[in-house]
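The values are calculated or read from the model by the stated rules, or taken from the named source; none is laboratory data. The shown structure was predicted, so the numbers you read here are calculated from the model rather than taken from an experiment. Ideal geometry is used to build each Cβ from the backbone, glycine not excepted, and the neighbour counts take in all protein chains shown. Just the protein is used for accessible areas: all its heavy atoms, side chains included, with ligands, DNA and RNA removed. Shrake-Rupley method; radii C 1.70, N 1.55, O 1.52, S 1.80 Å.
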Amino acid sequence: MHRKPWALAAALLVGAVAAGCGSTPDGPTREPSSPPPVTASPAPLAESKAKYDSLRADLVAALEQQMPDITWSVDDPARMSRTQDGRCVFSPQSMKSSADIVERSRNFEEVFTAADPVLKKHGFPAFDGTDPVPGGWVVARSTDSVGATVTIQSKSPAYLDVTVPVASETCDSDELSQGDK
């Protein structure tokens, strides 16, 4: 019935492409492709807080030393939340860079140089490149044997986040000290 079948095909193609572009998420949502198996049980909050706050501080120091023109500051306070499967997750303060790091880090090469030794010191595997994440984000992740995950993601500026399963009966952010809230 259509006199120009190519016009219908072109319209369908344009519609499909437009639909795909409109569904781009606002931020990274891809989970690590192959985290190591969880082989250790979550520790109590106090123990986890000390360990992973130290990791975060060491990562920031290493990144600032590697790229001295970029500083990091607190973005979000520490918090705790319960996942849908009932686990309690502690998130130390997240950090935000003063500028985008992708270009300055040579597509995260400087991030890997700075962060991989710190990750190893704290029992994490080295970053294994970046994840292909939609929306223009550049993301690197590493997960330890407890299931704690360090994420550095950049799309002007960059963010450093850590999530840690912890042993907690209440899983209430009131368990965190007032200085971190």
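With the dipole of the stretch 44-83 worked out from charges on the C-beta (+1 for Lys and Arg, -1 for Asp and Glu) around the Cα centre, which of Ala57, Ile70, Ala46 lies farthest toward the positive end? Towards the positive end, the residue furthest out is Ala46.
Given +1 at the Cβ of Lys and Arg, -1 at the Cβ of Asp and Glu and no other charges, the dipole of the stretch 33-181 around its Cα centre is 120 debye to the nearest 20.
Counted by Cβ distance under 12 Å from Ser168, the other residues give a net charge of -2, where Lys and Arg count +1 and Asp and Glu count -1.
Here the label points at Ser54 and Lys121, each 7 Å from Cα along the C-beta direction, are separated by 1.0 nm in the simple model. Cross-link partners of Lys49 among aspartates and glutamates, defined as those whose alpha carbon lies under 18 angstrom from its own and excluding same-chain residues fewer than eight positions apart: Asp58, Asp75, Asp76, Asp144, Asp161, Glu169, Asp172, Asp174, Glu175, Asp180.
Phi-derived couplings, Karplus 6.51 cos²θ - 1.76 cosθ + 1.60 at θ = phi - 60°, listed residue by residue for the stretch 114-121: 6, 7, 4, x, 5, 4, 4, 4 Hz, with x used for Gly and Pro. Distant-in-sequence amide contacts of Asp100, defined by a placed amide H-H separation under 5 Å and a gap of 5 or more residues or a different chain, comprise nothing. Using the Karplus relation 6.51 cos²θ - 1.76 cosθ + 1.60 with θ = phi - 60°, the per-residue 3J(HN,Hα) values for the stretch 87-94 come to 6, 9, 10, 9, 10, x, 3, 8 Hz, with x marking Gly and Pro. Only protein heavy atoms count here; on that basis, with a 1.4 Å probe, Tyr159 has an accessible area of about 50 Å².
A crude spin-label estimate for the pair Glu169 and Gln65, with each label 7 Å from Cα along the Cβ direction, gives 4.2 nm.
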